[in-house]
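Taking it in order: structure first as C-alpha cells, then the write-up.
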Amino acid sequence: MAGSFEEAKLCPKCGNAGDVGARRPSDLPGVDVITITCRTATCRWYDTGWLVSINPDGSIPDPTPDGMVRGEKQFDTKKLLVQGVTDDLIVKINRYAEHDDSIREV
Ligand SMILES: [Zn+2]
C-alpha cells in the first residue's frame, strides 16, 4: 500500500506539515523527488529537509517498514544521490544519510 503525499510531507520529527519544495528527477528512471523542509521553529529538524519520492504513476512509495523513520530512509542510504547534486540542501541531506543525522549544520 502506497503512502499519500499528504502523509509524506509531514515532518518525521514533529509531525507538522513541511514546506514543499521543487520537484526534481531522482537517479531512478521516471521517479521524481520533492524536498520538504520543516518550518516548525521548535522542531529539531527546523529548516532541515527530507525527500519524498514520486513514482512514475504519481503514487508515493510505501513510506517505510515499521520502526524506520520516514523520509530519507525511502532511499538506499548507501547509494547517495549522484545526479544534479549542486543544491546545498541535497548535499546536506546526503550528510544526514551518511552520519545518521548527527550533523546539524554543514
Ligand atoms: Zn519538524
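The values are calculated or read from the model by the stated rules, or taken from the named source; none is laboratory data. All figures in this text were calculated on a predicted structure; none of them were measured in a lab. Cβ coordinates were reconstructed from backbone atoms using ideal geometry, including for glycine residues, and neighbour counts include every protein chain displayed. Ligands, DNA and RNA are excluded from the accessible area calculation, which covers all protein heavy atoms including side chains. Shrake-Rupley method; radii C 1.70, N 1.55, O 1.52, S 1.80 Å.
Can you name every residue in the stretch 9-33 that is within 14 Å of the ligand (Cβ to nearest atom) and modelled with pLDDT under 90?
PRO12
Would you check which residues across the stretch 26-51 are of a type outside the set (D, E, K, R), open to solvent by 70 Å² or more (accessible area, probe 1.4 Å) and over 15 Å from PRO61 (Cβ atoms) and list them?
Hits for the stretch 26-51 are ALA41, THR42, TYR46.
Please go through the stretch 1-13 and give me each residue that is part of a loop (DSSP other than H, G, I, E, B) and surrounded by fewer than 17 Cβ atoms within 10 Å (Cβ to Cβ), ordered by number.
Applying the first criterion (part of a loop (DSSP other than H, G, I, E, B)) to the stretch 1-13 yields 1-2, 4, 9, 11-13.
Answer for the stretch 1-13, where residues must be part of a loop (DSSP other than H, G, I, E, B) and surrounded by fewer than 17 Cβ atoms within 10 Å (Cβ to Cβ): MET1, ALA2, SER4.
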